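Engineer: Before anything else, here's the structure in question.
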C-alpha cells in the first residue's frame, strides 16, 4: 500500500503541505508510482533552509500589506516590493542550483536527455 498523498482532488499547495512523501518505486525513482508526479528528495537541512527563506519572504509580504493598510507612501511600498522581488530571485537561484546539481545531473547520467529541454524551458520562464 502506498502512503502517497497525491490525490487528484488536491492542489499543488495541498500536496506540498503534506508531510508524508509518495511511495516511490524501489529503484529510488523520482516519479511517484501512484500518480506520476515528480518528486525531489531533499535533506532536512536543505528543506529547512528553503522553507526559512520563504517564511522570511512571507513576512515581507505581510509587512507590505500592513503598509498598504496604513496608507504608507507609495515609494516606501515600492522599495519593499523590490526587496521581496530580490528575495524571491535569491530563493529561485538557490533552488535552481540545487536542481541542477541533483535532479538534472542524475537524469543526464541516466540518459534522460529530455531533462535538458525541461531545464531550458524553466530558465526561459525565470528570465521573463
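Engineer: Given a Förster distance of 25 angstrom, what is the FRET efficiency for residue 125 paired with residue 70, based on the Cβ-Cβ distance and rounded to 0.05?
Structural biologist: 0.10
Engineer: Here's another thing I want to ask about it. Want the number for residue 38 to residue 51: 0.36 nm per residue separation, take away the alpha-carbon distance, what's left?
Structural biologist: Roughly 2.8 nm would be gained on extension.
Engineer: Now a separate question. Could you give the length gained on full extension between residue 106 and residue 77, defined as 0.36 nm per residue of separation minus the Cα-Cα distance, in nm?
Structural biologist: Here the segment from residue 106 to residue 77 would lengthen by 6.2 nm.
None of the figures in this text is laboratory data; all of them are computed from the coordinates on show. Note that the structure is predicted; figures quoted are calculated from it, not measured. Neighbour counts are summed over all protein chains in view; Cβ atoms, including those assigned to glycine, are modelled from backbone coordinates with ideal geometry.
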